[in-house]
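Where a number appears in this text, it was derived from the coordinates with a stated rule and is not lab data. Here the structure is a predicted model, which means the values were calculated and not measured. So basically every Cβ, Gly included, is an ideal-geometry build from the backbone, and we count neighbours across all protein chains shown.
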Amino acid sequence: MDIQKIGVIGAGQMGAGIAHVAAISGYEVMLVDVSDVAIEKGLRTISKNMDRQVSKDVFDEVRKNKFLESIQTSTSVNDIENCDLVIEAASENESVKSSIFKDVCKVLKKESYIASNTSSISITKLASYTDRPEKFIGMHFMNPVPIMKLVEMIKGIATSKECYEDVVAVAEKMGKIVATSEDYPGFIVNRILMPMINEACFVLSEGIADRESIDQSMKLGTAHPMGPLELADFIGLDTCLAIMEVLYEGFADSKYRPNPLLRKYVDAGWLGKKTGKGFYDYTS
């Protein structure tokens, strides 16, 4: 299939990043969110990140403006009807995603593909909420999308070979490197990463080490660019907790039990950088 127009559902951190890389890769983009405020915030983020690329001579101001002009916006899902590929980048919540997919399928042309940017939820399960499981795939971008090279491609049980190959081609045109995963909880990255973050929470909550010592140990001892608690704040503690719950439910194994301190921080609304407080305080 000749994919030329991409719809992105969700103008948050991930959705804005996906719209950004799609636009600079030559695709027409329809960015959809429920509110004008969210869309305006997403466009500001895209413009600011493109300014960084201009300053690094990745492209000039003229091309930047051309890329921005290729991004249309809407608060109505009806406006994705002519897209060849729709990428859902809403919050990591199955009920929210299922509602979106049902609405998308009411208006999206029958030959088009649907992808989810989910970081942990079963692609087979999400595909069951659509009218085209064979045209549904997981397309998990890493954050921040304009910088991180990896895209996890996850095939559901019904995903066709054509769908997989066409969407891989899109990712590669975006300059990404594809890693392919079967449809198991957490896929590749989060199956390995989140238990490490969760274990760092146990080390902290059990008083074995303070947050600085935990993060310094992993940065200096294993050459990680960020410590696990710092990274959790960057990802969002609510997202970390949601993924751990998917792993715990999916495998029924106690090693994936979410740490109580992580849950307590989420209950308090301390979600990390996006709220100004998590394992670290960002208000100052």
Inset, instruction - Among DSSP beta bridges lying fully in the chain, give the percent that are antiparallel, nearest 5. - result: 20
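To the nearest 20 debye, what charge dipole does segment 4-84 have about its Cα centre, counting +1 at the Cβ of each Lys and Arg and -1 at the Cβ of each Asp and Glu?
On the way: 9 positive and 12 negative charges, 69 e Å.
It comes to approximately 340 debye.
Divide by every residue of the chain the summed helix terms, -39500 (n - 2.57) for each DSSP H run of at least 4, and state the resulting mean residue ellipticity at 222 nm, rounded to the nearest 500 deg cm²/dmol.
Working: 11 runs with 134 residues, N = 284.
Calculated from helices alone, the mean residue ellipticity at 222 nm is -14500 deg cm²/dmol.
How high is the relative contact order of segment 1-109, in percent, with contacts defined as C-alpha pairs under 8 Å that are six or more residues apart? If you can, show how the numbers build up before the last one.
Values: 167 pairs, mean separation 39.4, N = 109.
In percent, rounded to a whole number, it is 36.
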Legend entry - Separation between Cα centres of segment 173-200 and segment 230-269, rounded to whole Å: 15
Legend entry - Gyration tensor verdict on segment 193-284 (Cα atoms; rounded if a/c is under 1.5, prolate if a/b is larger than b/c, oblate otherwise): oblate
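Quick one: longest stretch of the chain between exposed loop trypsin sites (Lys or Arg not before Pro), exposed meaning at most 13 other C-beta atoms within 10 Å and loop per DSSP?
Details: sites that count: Lys56, Lys109, Lys110, Lys149.
Longest site-free region, per DSSP loop and neighbour criteria: 150-284.
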Legend entry - Selection from Gln72, Gly10, Met50, by position along the positive dipole direction of segment 1-77 (Cβ): Met50
